[in-house]
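Structure first, commentary second.
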Amino acid sequence: MTTATPGASSAIGVIPDVMAELQTTEAARIAWRVATVVQVHDETPRARTLVLDVPQWPRHRAGQHVDVRLVGEDGYQAQRSYSIASAPEDAHVALTVERLDDAEVSPYLCDVLQVGDGLELRGPIGGYFVWDFSQGGPLFLVAGGSGIVPLMAMLRHYAHASAADRARVPVRLLYTARTWDDLIYRAELEQFAAHPNVRVTFTLTRSTPAGWTGYDRRIDAAMLREVGWSAAEVPHVFVCGPTPLVESVATLLVEAGHDPLLVRTERFGPTA
Amino acid sequence: MADKPFIARGFHARRASAPPGRLPPGQYETRDFPVLSAGPTPRTALAAWDFTVRDSGGRSARWSWDDFQALPHETPTVDIHCVTKWSKFDTMWEGVSVDALLSAARTRGVNMTDARFVTAFCDGGYTTNLALADVTGGKAWVAFGYDGAPLPPEHGGPARLLVPHLYFWKSAKWVRGLQLMERDEPGFWEQLGYHDHGDPWREQRYRGDP
Amino acid sequence: MDSEDMHLDGNAAAGTLRDVFARDVTTAIATCRSCGTRGAVGALLDYGQEMGVILRCPACDAPLLRLVHTPGWLRLDASGIALLVIPDTASAPQS
């Protein structure tokens, strides 16, 4: 069994016996802390946004998430991850939670938690599924259902940038949901679509409103070609939502020639 | 010493409405049948499937699917308890009892004298360890039917181990054989801290739980 | 429901991994000991669900990293990773 030699690079073969001591700042970052709910509002009949004041919150990056931990009086514990919906520039941390039937945590967050309550969380977490301006564009965002949440943080981060920065980075969002009423942040997304360099496309898979002329089917290769950029234009792609959707879209993009390293994925599990 | 936890106002475990004595401590009843898998679902064709009982000396008895089906069938109805806290009552199975299997293996020359434990091994590489006493005496089956139909792949089909008196991670999915052991060798989850025995009535979830 | 749908990815394991590595490792590149494929930890497939973290190679399904946090213990088996290359911006040369 090999062990890391002192002074070696960060590459490791097998985990060494002795763990490095945590730096104070790292330890503070990974600690659990109690946030306070300052506002709640419903985005759709099934999705609610919680706006939180988090003490000593380090600025997060768009795409990161928090782990939320609930402990009951009887000691019963449950823990879930939620993507941060707010821009890094915002003072408060917003989470958008989709209420899943027969679940443990989301019904509590959607039905019981109220303004003034404490909520224990740790974060921000994640470094892979993040985007900020330093990465540049073009930026292609593909969301299914509640997968829109981390991508919304990216769009909100984008909206804080200068007009000059935004002119450099074109953004396209393809967002699939069952119905018009299931689209989370719909009004805000329609406002984003008014930006000169931003295109927002919805596809509704179960039913469409009267007069709908948009897409009404599952995302397929043709739709990705029509809505996104070609592989030759080397877009940064972020795909988030239910596992089957994410894998289907990622596979189609790689088959169309996109570099797998530029197609970043975040799976949310089975379709809700 | 553990940090003092923050208590979430109004948060509690799901209410236990099951008849007293039916639900082990810390569990809740579900009407669903949640799928938990440590890896992708293997898809073994019945023509390629076999089941092996092997002793520590390397002697083994092997059954093809058809041979296995010729062993006596039983149809146990049992409660099952997952370490992730759900329990499901009155699940109906069809399978061969491990007693019948080991008896048939003995007649084929497999030596069980020194065996005190078994390791179940499965397609996809999953393993779990059990005491021989926990899979004999009518306590365990190799099950290929669930709820009156062939066991679906996501629930362990073609066949899985069924040991309902222990936490359900011991009921290894996609089982392909039993290795008789003189010593207890922690399997896939046990290596990572889950209990070697796993009795839900004593809440033996993790290594070190009494 | 197909168990094919049940897995997540390395992003979901990031919090628990940070308990061991004391830093985010989702951008680290792991080499699969089984098949040699290299990819970001964030892109590995997490099959652990509520039992723990089981990160598998997207190319060959071999388990690269298994991690379970039980009361009082973290147990890690990273034997499926031949090499883990973690970017360390804090020590990177100033350009």
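The numbers here are math on the coordinates, done by the rules we state, and not lab data. As the structure is a computational prediction, the values presented were derived from the model and not from experiment. All Cβ positions, glycine included, derive from the backbone under ideal geometry; neighbour counts span all protein chains shown.
Label residue B:59 and residue C:79 with points 7 Å out from Cα along Cα→Cβ: what is the distance between them in nm? Each label point is offset 7 Å from its Cα along the Cβ direction, giving 3.0 nm. Ellipticity at 222 nm from helices only: DSSP H runs of n ≥ 4 in the protein assembly as shown, each -39500 (n - 2.57), divided by the residue count, give -4000 deg cm²/dmol. Here the 3J(HN,Hα) profile of the range A:179-194, calculated from phi with Karplus coefficients 6.51, -1.76 and 1.60 at θ = phi - 60°, is 9, 3, 6, 8, 6, 7, 6, 4, 5, 5, 5, 5, 5, 4, 4, 7 Hz, Gly and Pro shown as x. Model label sites at residue A:159 and residue A:207, defined 7 Å from Cα along the beta-carbon direction, differ in position by 2.9 nm. For the range A:24-125, the Cβ-based charge dipole about the Cα centre amounts to some 440 debye (Lys, Arg positive; Asp, Glu negative; other atoms uncharged). Estimated at 0.36 nm per residue, the fully extended path between residue A:77 and residue A:31 surpasses their Cα-Cα distance by 14.9 nm. Pairs of alpha carbons in chain C separated by more than 21 Å make up 30% of all such pairs. In terms of its C-alpha gyration tensor, the range A:24-125 comes out oblate, because a/c is 1.5 or above while a/b does not outweigh b/c. Applying D = kT/(6 pi eta Rh) to the protein assembly as shown, where Rh is the Kirkwood radius over alpha-carbon pairs, T corresponds to 10 °C and eta to 1.306 mPa s, the Stokes-Einstein value obtained is 62 µm²/s. Short-range pairs are left out: with C-alpha atoms under 8 Å and at least six residues apart, the relative contact order of the range A:24-125 is 38 percent. Treating each Cα of the range B:48-184 as one equal point scatterer and applying the Debye formula with no solvent, the log10 of I(q)/I(0) at q = 0.16 Å⁻¹ comes out as -0.76. With the convex hull drawn over the C-alpha atoms of the range A:155-272, the volume per residue is 116 Å³.
Sparsely packed loop sites in the range B:146-210 (the trypsin sites (Lys or Arg not before Pro) outside DSSP H, G, I, E and B with at most 11 other Cβ atoms within 10 Å) comprise B:183.
Measuring nothing but how far apart in sequence close Cα pairs (under 8 Å, 6+ apart) lie, relative to its length, the range B:48-184 scores a relative contact order of 30 percent.
Shape class of chain A from the alpha-carbon gyration tensor: oblate, with a/c at 1.5 or above and b/c at least as large as a/b. The 3J(HN,Hα) values that the Karplus relation (6.51, -1.76, 1.60; θ = phi - 60°) gives for the range B:106-121 are, in residue order, 4, 5, 8, x, 6, 9, 10, 4, 8, 7, 10, 9, 10, 10, 7, 10 Hz. Gly and Pro appear as x.
The antiparallel fraction among DSSP beta bridges confined to the protein assembly as shown stands at about 75%. Label zone of residue B:14 (point 7 Å out along Cα→Cβ, amide N under 20 Å): in the range B:24-45 this covers B:24-38. Put a plus charge on the Cβ of each Lys and Arg, a minus charge on the Cβ of each Asp and Glu, and nothing anywhere else: the dipole of the range C:3-87 about its Cα centre is then about 380 debye.
Annotated for the protein assembly as shown: lysine pairs at least 8 residues apart or interchain, Cα distance under 28 Å, count 9. Is the shape of the range B:1-116 rounded, prolate or oblate, going by the alpha carbon gyration tensor and its root eigenvalues a ≥ b ≥ c, with a/c under 1.5 for rounded and a/b larger than b/c for prolate? The shape class here is prolate.
Between amide H atoms placed 1.01 Å from N, distances below 5 Å from residue A:52 occur with A:38, A:93, A:94, A:95, all of them 5 or more places distant or on a separate chain. Each of C:53, A:169 was scored by other Cβ atoms within 10 Å of its Cβ. Arranged with the fewest first, they read A:169, C:53. Averaged over residues, the count of other Cβ atoms within 10 Å places the peptides C:26-33, A:210-217, A:154-161, C:72-79 in the sequence C:26-33, A:154-161, C:72-79, A:210-217, highest first. Annotation: cysteines of the protein assembly as shown without a disulfide-compatible partner (Cβ-Cβ under 4.7 angstrom) are A:110, A:240, B:82, B:122.
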